[in-house]
Amino acid sequence: MEASGLNNRVLKILSQSSHKAAVDLLGMRLSATIKEKFVEIMITETEAYGRKNTDKMSLFNTYKNIPTSLTLGPPHMSVLRSYGSNRGLFLLTGKKGYGEAVLIKSGKILIGKKHIEKRRKTKMKTDNLNGPGNITKGLGIDDTFDGYNLLSGVVDLSPRIHPLDKAIARPRKNAKRNDKNLWRFTLILK
């Protein structure tokens, strides 16, 4: 797919290995216009998943029936069961066919808090949207977006608006034994 301008910058970030893309995605804006309701968040936490042969927690190693969407590569996304019955939004990274991805774990609401509250059926005390299931529900993203192309327009990824001052790297949630990768990244806002 040919891209120019901002789309080219997005493709460049997503074309990196997952752990590099996961850091570069911090502070970027993720928006969705679903049923004429616009919502935008700033990505504040990500979790990287690498290739099957180099990452024990690779999505190819996690899912018995590998979803077709995982093989698409950037600029596509996968909407997969993450924890329990929740769905997680995975932005595909690296190269087509390798299944590298970055899970969007949390964000700060920039626009559309009332739409997010209505979708989640709860009044929020803060502008923080924590957890993969809350991200997908809040943005209005469901299974129909599995394999969606981020350059198509309904779901959009835009450059960061906040300088990346500090990010903390930690082990992934539910990391497997002997997993030395610090591939869970959190943006520290001033």
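The values are calculated or read from the model by the stated rules, or taken from the named source; none is laboratory data. Owing to the predicted nature of the structure, the values given are computational and were not obtained by experimental measurement. No Cβ is skipped: glycine too gets one built from the backbone with ideal geometry, and neighbour counts run over all protein chains shown. Accessible surface areas use protein heavy atoms only, side chains included; no ligands, DNA or RNA. Shrake-Rupley method; radii C 1.70, N 1.55, O 1.52, S 1.80 Å.
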In debye to the nearest 20, how big a dipole does segment 1-109 give about its Cα centre with +1 on each Lys and Arg Cβ and -1 on each Asp and Glu Cβ?
200
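Summarise the accessible area of the chain (1.4 Å probe, protein heavy atoms) by the percent that is carbon and sulfur.
Working: 4810 of 9910 Å².
On the chain, the fraction of accessible area on carbon and sulfur atoms equals 48 percent.
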When the Karplus curve 6.51 cos²θ - 1.76 cosθ + 1.60 is applied with θ = phi - 60°, which whole-Hz ³J(HN,Hα) does each residue of segment 130-140 get, with x for Gly and Pro?
10, x, x, x, 5, 5, 5, 4, x, 7, x
Per residue of segment 105-118, in order, report the coupling 6.51 cos²θ - 1.76 cosθ + 1.60 (Karplus, θ = phi - 60°) as ³J(HN,Hα) in whole Hz, putting x for Gly and Pro.
9, 7, x, 9, 5, 9, 9, x, 4, 5, 5, 5, 4, 5
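What does the charge count near Glu40 come to, summing +1 for each Lys or Arg and -1 for each Asp or Glu among other residues with Cβ under 9 Å from its Cβ? Display every interim value, and only then the final one.
Values: positive: Arg29; negative: Asp156.
Computed value for this residue: 0.
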For the chain, report the accessible area per residue in Å² (1.4 Å probe, heavy atoms, rounded to an integer).
52
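What 222 nm value per residue comes from the helices of the chain, counting each DSSP H run with n ≥ 4 as -39,500 (n - 2.57) and dividing by all residues, nearest 500 deg cm²/dmol? Intermediate results must be reported in sequence, preceding the final value.
Values: 5 runs with 37 residues, N = 190.
Here the helix-only value at 222 nm equals -5000 deg cm²/dmol.
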Of Lys35/Lys96; Lys35/Lys137; Lys37/Lys108, which pairs sit farther than 23 Å apart, going by alpha carbon to alpha carbon?
Lys35/Lys96
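Charges at C-beta only: +1 for Lys and Arg, -1 for Asp and Glu. How large is the resulting dipole of segment 86-190 about its Cα centre, in Debye rounded to 20? Write out the running numbers ahead of the final one.
Details: 24 positive and 9 negative charges, 115 e Å.
The calculated dipole for segment 86-190 is roughly 540 debye.
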Please list, ordered by chain and number, the residues whose modelled amide H lies under 5 Å from the amide H of Ser82; skip anything fewer than 5 residues away on the same chain.
Arg87, Gly88
Residues of type aspartates and glutamates that Lys114 reaches as a straight line, Cα spacing below 12 Å, ignoring anything fewer than 8 places off in the same chain:
Glu40, Asp127
